[in-house]
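Engineer: Right, I'll just put the structure down here and ask away after.
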Amino acid sequence: MSLAAKIMDEMKTAMKAKDTVALEALRAIKSELLLAQTASGSKEEISEEEEIKLLQKLVKMRKDSAGIFTTQNRPDLAEPELAQIAVIEKFLPAQLSEAEVEAIVAQIIAETGATGIAAMGKVMGLASAKLGGTAEGKTISTIVKKLLV
């Protein structure tokens, strides 16, 4: 079942349950999917990789917003953002723990023989490709820096 079909099913469920937060998050996903499809100029569905990147972008946007609202002491605005993150993350693959990411990054560094911060770009590219949507870019970057220094 495609992501768009899953989103439509979840939207129907959210409408019946009158869950406005979930509905808002699902509508945002649907909107981004439609924009991504029309941006390419084709009627074809976008690839699974692109769907994962799109979902990660939506989660990151909401995390950033929630962080800003929290620092401005506005929990009333931060809570819906955090609730939407939970809804969007249901469609993402399971995230790896930092220890698992660190093990994979260490393996990549050992395979490539990378040393020093100058090799960070090469290691980041390989790690991002290998880890796909199972880890955030920020987490990968932090671990690569730690292991290369």
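The values are calculated or read from the model by the stated rules, or taken from the named source; none is laboratory data. Quick caveat: nothing in here was measured; it's all calculated off a predicted structure. A quick note on method: Cβ atoms are made from the backbone with ideal geometry, for glycine too, and the neighbour counts reach across all protein chains shown.
Engineer: Quick check on my filter: what residues within the stretch 13-34 are loosely packed, with under 11 Cβ neighbours inside 10 Å and not small (Gly, Ala, Ser)?
Structural biologist: 16, 18
Engineer: Only one of 56, 72 is closer than 20 Å to residue 11 by Cα and in the same structural domain as residue 19 (by TED's automatic domain parsing); which?
Structural biologist: None of the other options fit; the residue is 56.
Engineer: Another question, then. List pairs: first in the stretch 112-129 and touching a residue at least 12 places away in the same chain (Cβ under 8 Å), second not in a helix (DSSP H, G or I), Cβ under 6 Å, 6+ apart or cross-chain?
Structural biologist: Correct list of pairs: 123/114.
Engineer: Can you tell me which residue within the stretch 19-52, out of those that are of a type in the set (D, E, K, R) and not in a helix (DSSP H, G or I), is nearest to residue 130 (Cα to Cα)?
Structural biologist: Selected residue: 45.
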